[in-house]
Structure formats: structure tokens, C-alpha cells
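What follows is a short report on a single structure.
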Amino acid sequence: MKNIFSAVFSSVWKRKETKIFLAFSLYPLVFYLSTLFPNSEFMKIHMEDGYQLSLLELYSLLLGSINSLTLPILSLYYLTHTVFKKEIEDSVMFLYKDVSRQNVFWAKILSLVLIVVIFLCSSFVFTTFAHYTAVVNLPYGTPAVFPSTLVELAQTAVTILITSLDFLISVFIAMLLSLYFGSGVTMTSSLIIGIVTTILPIIGGKLAMIYPTGFIQLVYGNQLLFAFMGAIGISLCYILLLSGIGFKKFRHMEF
């Protein structure tokens, strides 16, 4: 498994689609540039008087902004599509014909998950740069890494977790769509799913809890533990269900 993972990840890493997805981790630098124009409303953060924005809170805000955009999710869906369906169509998968399909399947999944982790870490690095070179000089800026209270720290951490889970689940949804449908259906579905998951927190109620992002509404509503457990639980359901169905399809595909 270790050898096949190294080979698969190397292949995924070299893809131009990977570079396009990772490029969106530069988003905090766009925010940094916006701070150079104090009279502009572009990407301007409005805070209550006296509130101090820590590094972790800024990361939560910017990561949420990235997630609300259409292009990052679209690029992740397309990357996943090329790793699964396109490699089969281009006969690249023929190279793995003598390797356990289970190992190949999970090597691909883990490679994509690692790309998402790199994306999240890269976003944090650029957020750190933006925070300590620009935000600390603003009225609401503070050099503190963490929020001032434990409650705010927990709320911020759970919000970041939920946003990260959205990226992670997108890999599994895109994988399943790619194995069953072509690029057109996969990309159209990604657009629709992206819009739906973005508005779920706005809709609120029990309907919103069909997806992790729907639990964000509870994070700041005195139901932090329920939001944390609910987001983790529903994410595991998606991952187990989608990976199970996906592997069943992948196992019977002709390379």
C-alpha cells in the first residue's frame, strides 16, 4: 500500500488541476492587498467596536470565504474527476492492472485527501502572513493567535472543522459522480451541490442538518457540542456511504 500510495500521490501532485486547486489557497493574499486600500469596501471586515480579531478567527473567516466561492469547489471536483474517471478513459489505470483495486482506490482517495490538507495548511500560512503584516495594524487587529475566551476558541475551531469537512466530503461526492457519470454531469452537479451547501446554513432548521455546513448555525447558538458531534456524525455517514458505493463501482470497472 505504501509503494502504490507514493506512486499515485506523485501522479496526483504533478497534475495541473492540482496546482489550480492549490492556487486558491492564495486567497488570503488577496485580502492582504485589499488592506492596502483602506477606503475601499472590497473584502473589508466590519467588526464591533472594541472587538479584537485573532489569527485563528481571521483564518476561519477567510476559509469560509474561500468555501463560499464557486471556483475552488469546482476545481476540486474536476481534479477528483481526472484522478478517477479520466485516468480510466485515458487507459492510465492499465498500469495498475496487477495491483489490488482496493489499494489503488484508497491510494487515490488518500492522495486527494492529502491535497486538501495541504490546501488547508497553505491557506493558514498565507493567512498568517496577512494577519501579521496587515491585520495587526488595523483597529480590530491583535497579534494573538487564539481568541480571548475559551468559548470563542471552541466556536472558531468547530467552524474551521466544519468548513474543512465540506472540502473533504466534496472529494467523496466527486469521486462517486465521476465513476458513474461523465465530466459534464459531474461539474454541473458540483455547481448545484456547492450552491445548496452554501445556502443550507442560511435556511437553518432540521433540513440544514443533512450536511455538515448546516451545523454552523448551531455553533454560535449555544449548541456547540451538538454542532460538533452532528457535523462529525453526518460527515462519517457521507464518507462511509460514498466510499462503499464508489469502491463497489470501481472494483468492477474495466481498465
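The values are calculated or read from the model by the stated rules, or taken from the named source; none is laboratory data. The shown structure was predicted, so the numbers you read here are calculated from the model rather than taken from an experiment. Neighbour counts are summed over all protein chains in view; Cβ atoms, including those assigned to glycine, are modelled from backbone coordinates with ideal geometry.
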Worksheet item: Mind checking which residues of region 234-255 are more than 22 Å from the chain's Cα centre (by Cα) and not hydrophobic (A, V, I, L, M, F, W, C)?
Response: 248, 249, 251, 252, 254
Response to the item:
Here the residues within region 172-215 that are among the small types (Gly, Ala, Ser) and either farther than 21 Å from residue 159 by Cβ or modelled with pLDDT of 85 or more (or both) are 174, 178, 182, 183, 184, 189, 190, 214
Worksheet item: Only one residue in 218, 207, 242 is in contact with a helix residue (DSSP H, G or I) (Cβ under 9 Å, 6 or more places away or on another chain) and farther than 21 Å from residue 193 by Cβ, so which one is that?
Response: 218
Item to complete: Starting from region 172-190, take each residue that is over 15 Å from residue 241 (Cβ atoms) and list its partners that are part of a helix (DSSP H, G or I) and of a type in the set (Asp, Glu), counting only C-beta distances under 6 angstrom and pairs at least six apart or across chains.
Response: none
Worksheet item: Quick one: how many residues across region 104-158 are over 21 Å from residue 170 (Cβ atoms), at pLDDT 90 or above, of a type in the set (Ser, Thr, Tyr) and surrounded by 13 or more Cβ atoms within 10 Å (Cβ to Cβ)?
Response: 3
